[in-house]
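Just below is one structure, and these are the notes that go with it.
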């Protein structure tokens, strides 16, 4: 049996120092926790809870960004754990997975991988906010 491997070779322009590879954004989202929340509460109560949760996630993400900027990895572990737990509870699977990957980078003290994974977490959070509000409107 022959193994077929495709090798992607980026075209390098002499005037460009950095090659940017774009990863397609795919958000893993489990709508069931939000469906349960909206079924158990009034619409205004459920919306208020979702707003508070998203605001809490945003604040914790801000703490992570500040920790990365100051290279204070120790201060990043606790908010990262909380992001993972909160994201799991409301069905933001991609955020939870990425927060777990951020924790791995923190434990390994790999600043390059941490910066890339934090960027993925930030993109995921932006997509998650849209996904949650799109869910709410259905």
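The values are calculated or read from the model by the stated rules, or taken from the named source; none is laboratory data. These numbers were taken from a predicted model, which means no experiment stands behind them. Glycine gets a Cβ as well: all are built from the backbone with ideal geometry, and neighbour counts include every protein chain shown.
General observations
- Selected residue (criterion: farthest from residue 35 (Cα to Cα)) from residues of the range 97-119 that are surrounded by 15 or more Cβ atoms within 10 Å (Cβ to Cβ) and touching a residue at least 40 places away in the same chain (Cβ under 8 Å): 114
- The sole residue among 94, 131 that is crowded, with 17+ Cβ neighbours inside 10 Å, touching a residue at least 24 places away in the same chain (Cβ under 8 Å), part of a helix (DSSP H, G or I) and out of contact with any helix residue (DSSP H, G or I) (no Cβ under 8 Å at 6 or more places or on another chain) is 131.
- Sole exception among (1) assigned to a loop (DSSP other than H, G, I, E, B); (2) modelled with pLDDT of 95 or more for residue 29, by number: (2)
- If you go through the range 59-91 and keep only what is closer than 16 Å to residue 124 by Cα and not in a helix (DSSP H, G or I), you end up with just 91.
- Per the conditions (1) in contact (Cβ under 8 Å) with a residue 24 or more places away in the chain; (2) within 20 Å of residue 131 (Cα to Cα); (3) exposed (fewer than 14 other Cβ atoms within 10 Å of the Cβ), the sole criterion not satisfied by residue 83 is (3).
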